[in-house]
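We did not get these values from a lab; they are worked out from the coordinates using the rules stated. Keep in mind it's a predicted model, so treat the numbers as computed, not measured. All Cβ positions, glycine included, derive from the backbone under ideal geometry; neighbour counts span all protein chains shown.
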Amino acid sequence: MKLEKEYHVKTEGKFGRKNSENMITAFKQSPPLYDKIYRELRLSDFKACVNNPTAKLNTKIGMVKLYKHMDTYAYSEDIIEKKYTDALKYPTADHNSRSPFTYEEIKYLWEINDNDYRVQFARDILLLAIYTGCRAEELLFIYTKNVFLDKNYIIAGLKTEAGTNRVIPIHPKIKPILEKYYNKSSEFLFISKNGKRASYAVYLKRYKRFKGKYTMIDKTAHCGRHTLETELQKLNVKQTIINSIIGHKNGNVASDVYNHVSLEEKIEAINLVTFETGKICIFKNKENVS
């Protein structure tokens, strides 16, 4: 768990750190299931726990994961004959929790000039998320060696095969932010005062401080990711190019098409982004035939 926290390296055959922690939390939130004979549990029993109004969304998701793992194990050991959790659905976030930043909010972020480095750090992560489509944790795991300021791209990405180590173009507006944190002698782009990589926990503390000071902003870095995707779609950028920047899978699109989206095409696409009203573009890559 310590290795994964520092370098995002997962131990083969083990649950990931966050997954493990979430399921431990889920267990603690499931008292109604304690001391019950497992084969007597039904879908309604699991649902009753998941629907606990005091549980947070991530906890509820962890509960569903835990129950499904338990059912899979019980079924494999002939403890149960039917997996009731197959019908148990993962709860989803409220749509508003992932709504894009408005143009006014983005302008407001750029205008913030706070002397508190912790507030500035949180603001910078939000702006980078908006202009790169990266998750906060992906930004915090950027290696300095993967930042190519002279060629206007970075290599970043975690979580999915489509998102791992993807080439992301640098929008001209965020280049000064990257230059501010860039230090050749550091392993990672974002370093805490103790010399170690700035962790997600550090970011959350600074984000909380930022939010308490600038109450107009109530969105997260993940909203920034959604903001860029929405804006590129408004600009009629091909979905294949959007996916290659954001790190989404392309569905039925052949993987070789996805992998061969050029850096030039990505830079051209990102440079269309102004987050201003009244700009609609038609963007075609070199493979399009009119």
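The calculated FRET efficiency for K83 paired with K36, based on their beta-carbon distance and R0 = 22 Å, is about 0.85.
Between N52 and K145, what FRET efficiency follows from the Cβ-Cβ distance if R0 is 41 Å, with the result rounded to 0.05? Mind dumping the intermediate values first?
Working: r = 45 Å, r/R0 = 1.11.
The pair N52/K145 has a calculated efficiency of 0.35.
Projected label points at Y117 and M216, each 7 Å from Cα along the beta carbon direction, are separated by 2.7 nanometres. FRET efficiency for the Y182 to T92 pair, using the beta carbon distance and R₀ = 30 Å, is estimated at 0.20. Over the stretch 98-270, all Cα pairs binned in 10 Å intervals from 0 give whole-percent P(r) values of 10, 40, 36, 13, 1, listed from short to long.
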